[in-house]
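One structure is given here, and the rest of the page talks about it.
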Amino acid sequence: MAKPTTVIGRALAFSVPAALGIGAVLYAGAFRSLPDASSAQRPPTPVRVITVAPIELVPSVSGYGAVEPVREWRAVARVAGEVVEMADGLAAGQIVTAGTPLFRIDDSDLRLDLAGVDAQIAASEVKDDTIGASLALALSDLELARGDLGRQEQLSRQGAATQAALDTAKRQEVSARTKVKDLENQLLLNAAERAVLGTQRARLERALGFAEIRAPYDLRITDLAADLGQYVGSGQTLLSAEGTEAVEIAAQFPIGRIGPLLRLMGEGAAVTDLTARVTLPAPGHAVSWPATIARVGDAIAPQTQSVGVVVRVSDPLSKSAAGKRPPLRRNMVVEVQLSAPKRDTLVVPAEAVRGGSALVVSAEATLETRPVEIALLSGEIAVPAKGLAAGDLLVITDPSVAVPGMTVKPVEDKARKDEIAALASGQNAAPAKTGGGKGGQGGEASK
C-alpha cells in the first residue's frame, strides 16, 4: 500500500504543468500585438558640431630657416708693420659703431719713404728753375745767332761776304738752336720724372691711410686674430665681424603651400606681396619680429620640393631686451610666416574634412556625407572652396562614433570654434578643452 506523501507528490507533478499550460492559453491574447515603434527606437547620439560661418582669416604658411647676417666684414692689413694701437676691450662678441678706430699699424717706414719722395720732388723743382734760367740764355744766344746769319746771308747775296763767313754763321745758329732744344727736352723729362714721383707720393699717402683701420659700419666682432704689439704682414686678417643693421633668413616652403595664398589674393599676386614675420619659439612665449621679403630662390629643392624665400629683419639689436627678447644671432633656427591680407571667409577645422568629404547634420537630424573641395589647408584650419555653406552643422566628432545615416543630436563645440577663430586670425589659440581627437591633416601651422 502506497504512502500518502508519495501519492501527493505524484499529483503535484502532473497538476502544476497542466495549470501553467492552461494559464498560457488563457493569457495568450494579451501578447498578440508587438511593442510600439516609439518604444523600440534608440535615443539620438550626441555629436560635436560647429556651425559653419564666415570669420576673419589671415591666410598664412610657415617655413623654417637659419639666421644669417646680411653683411660680413674682415679687417685685413693692407700694410705691414707692428700693431701700435688697438681699440679698448676689443673681443669676440663686442659691438662697435661705424667709424670706430680698431687698429693702427706702425707707419714710420712709410713716412720716411714719403719724405724721400718729397725731397726728390723738391730737387726736381729746383732743377726746373736752373734749366729755365739756362734756357733763357740759350734763347738769347739763338736770337743773336739768327741775326748774324741773316746779315751774312745778305752780304753773301751782295758779294761782300765770303762763303766761309756764311758757313760759320750757319753753324753758330744751329748750335744755339740745338742747345735750346736740349734744354727744352730736359724740362720735359724733368716734368715726367716729377709725375712719377707724384704717383709714388700718392701711393704712399694711400698706404698711410691704410695704417689705421676703422669699422665701416656697425659691427659685431666674431673673431679676433691680432693683438697689440704684434707684427702683421700685408694681407693678414686681424679680425672678422658681421654687420648688425639687418639679418636674413632663407626659409624653405613647400611649393604647394604658397600657391593657394597667392590665388586667394587674386590674379597677378606675387610672393613679394605677402607679409612676413619671423618667430623664435621661447619657453612660455614666442618672440617675433616684423620682416620684409627680400627675394625668392631660383631653384626647387629636389628632395623636399620646396622653394627658398629670403626675408630680412632690419636692426634686430634695437628690438632686443634682456630676458624678454633675445637678439637674432647667426645660425638661430626660426620660423618664418608668410601671410596674405586678412579676409572674411568660411574656415573649418582641418580634421573635419577627410579624403575630400565631411559629415554634416541634415535637416532631419541625420548624418550625411558631403563632398568638400579645399582651397587652403594650413595646419589645423581649412578653407572650403565648395561643398560647405554658412549655417551648415559640420561634425567634428571622431568618425568611429559618427556614422552616416544615424540619427544624432548636434552639440555646438564652442571651445573648438573659438580655437579655430583664433588660429584663423593669426593668434596662438589654447588647446580645446572638449574631448575628441583632432586628427588633423598635415601642413604648416597657422600661428
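None of the figures in this text is laboratory data; all of them are computed from the coordinates on show. From a predicted model like this one, the values you see are computed outputs, not experimental measurements. No Cβ is skipped: glycine too gets one built from the backbone with ideal geometry, and neighbour counts run over all protein chains shown.
Can you tell me how much longer the chain between Asp118 and Ala80 gets when fully stretched, taken as 0.36 nm per residue apart minus their C-alpha distance, in nm with one decimal?
On the way: separation 38, 0.36 × 38 = 13.68 nm, distance 2.19 nm.
Fully extending the segment from Asp118 to Ala80 adds 11.5 nm.
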Fill in: Above-threshold pairs, the threshold being 29 Å between Cα atoms, out of Lys386/Lys414; Lys324/Lys417; Lys342/Lys417
Lys324/Lys417
Worksheet entry | Förster radius 60 Å - calculated FRET efficiency between Arg295 and Glu364, Cβ distance, rounded to 0.05 | 0.60
Discussion item. Given N residues in region 169-286, what is its alpha carbon radius of gyration divided by 2.2 N^0.38 Å?
Written reply: 2.49
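For n ≥ 4 DSSP H runs only, could you compute -39500 (n - 2.57) per run for the chain, divide by its residues and tell me the 222 nm figure to the nearest 500?
Numbers: 6 runs with 148 residues, N = 447.
About -11500 deg cm²/dmol.
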Worksheet item: Hey, how many Å between the Cα centroid of region 150-179 and the Cα centroid of region 220-284?
Response: 88
Worksheet item: Tell me, Kirkwood radius of region 217-299 from alpha-carbon pair distances, in Å?
Response: 17.3
Discussion item. Using 0.36 nm times the number of residues separating Asp141 and Glu212, minus their current alpha carbon distance, what extension gain do you get?
Written reply: 19.9 nm
Worksheet item: Using the C-alpha atoms of the chain, what convex hull volume per residue, in cubic angstrom, is computed?
Response: 343
Discussion item. Compute the helix-to-body angle for 414-424: its Cα long axis versus the longest principal axis of the chain, expressed 0 to 90° and rounded to tens.
Written reply: 20
Worksheet entry | Loop trypsin sites (Lys or Arg not before Pro), region 303-373, which have at most 10 other Cβ atoms in a 10 Å radius of their Cβ (DSSP) | Lys324
Worksheet item: What number in nm² do you get for region 156-206 if you take the convex hull of its Cα atoms and divide its surface by four?
Response: 4.0
Practice prompt. Give me the distance in nm between label points sitting 7 Å out from Cα along the Cα-to-Cβ direction at Thr97 and Glu245, one decimal.
Written response: 1.6
Discussion item. Could you give each residue of region 164-175 its phi-based ³J(HN,Hα) in whole Hz, using Karplus coefficients 6.51, -1.76, 1.60 with θ = phi - 60°, and x for Gly or Pro?
Written reply: 5, 5, 5, 5, 4, 5, 5, 5, 5, 5, 5, 5
Worksheet item: Dipole magnitude of the chain about its Cα centre, charges +1 at Lys/Arg Cβ and -1 at Asp/Glu Cβ only, in debye to the nearest 20?
Response: 2560
Item to complete: Quick one: P(r) of region 365-416 from all Cα-Cα pairs, 10 Å bins, percents rounded to integers, in order of increasing distance.
Response: 20, 51, 29, 1
Worksheet entry | Computed over region 245-297: relative contact order in percent, which uses C-alpha pairs under 8 Å that are six or more apart | 25
Response to the item:
Of all C-alpha pairs within region 276-342, those more than 21 angstrom apart amount in percent to 33
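In square nanometres, what is one fourth of the surface area of the convex hull spanned by the alpha carbons of region 75-132?
Working: hull surface 24.3 nm².
Averaged projected area of region 75-132's Cα convex hull equals 6.1 nm².
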Item to complete: Using only the Cα atoms of region 45-186, each taken as one equal point scatterer with no solvent, compute I(q) by the Debye sum, divide by I(0), and report log10 of the ratio at q = 0.13, 0.14, 0.18 Å⁻¹.
Response: -0.88, -0.93, -1.11
Worksheet entry | Virtual spin-label span in nm between Asn185 and Gln305, 7 Å along Cα→Cβ | 8.3
Discussion item. Students often forget the sequence filter, so: which aspartates and glutamates lie under 18 Å Cα-Cα from Lys127 once same-chain residues fewer than 8 apart are removed?
Written reply: Asp118, Asp182, Glu184, Glu193
Worksheet, complete the sentence: When the charge dipole of the chain is computed with +1 at the Cβ of Lys and Arg and -1 at the Cβ of Asp and Glu, the Cα pointing farthest to the positive end, of Ser234, Val126, Gln303, is that of Gln303
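Remind me, relative contact order of region 108-209 in percent, using alpha carbon pairs under 8 angstrom and six or more residues apart? Write down the numbers at each step before the final one.
Details: 63 pairs, mean separation 49.2, N = 102.
Taking the mean separation of contacting Cα pairs over the length of region 108-209, I get 48 percent.
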Item to complete: For region 108-209, divide the Cα radius of gyration by the Kirkwood radius and give the resulting Rg/Rh value with two decimals.
Response: 1.35
Worksheet item: Quick one: if you stick a label point 7 Å off each Cα along the C-beta vector at Ala202 and Val174, how many nm between them?
Response: 4.3
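Which value, in nm² and rounded to one decimal, describes the direction-averaged projected area of the C-alpha convex hull of region 289-423? The partial results should precede the final answer.
Details: hull surface 50.3 nm².
Its average projected convex-hull area is 12.6 nm².
How high is the relative contact order of the chain, in percent, with contacts defined as C-alpha pairs under 8 Å that are six or more residues apart?
Values: 791 pairs, mean separation 116.5, N = 447.
Computed value for the chain: 26 percent relative contact order.
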Worksheet, complete the sentence: What the Cα atoms of region 198-237 span along the principal axes, largest first and in whole Å, is 40, 25, 15
Discussion item. Between helix 4-26 and the chain, what is the angle of the helix's C-alpha long axis to the longest principal axis, kept within 0 to 90° and rounded to the nearest 10?
Written reply: 60
Discussion item. Over 10 Å intervals from 0, what percent of Cα-Cα pairs in region 118-167 sits in each interval?
Written reply: 24, 25, 19, 15, 11, 5, 0
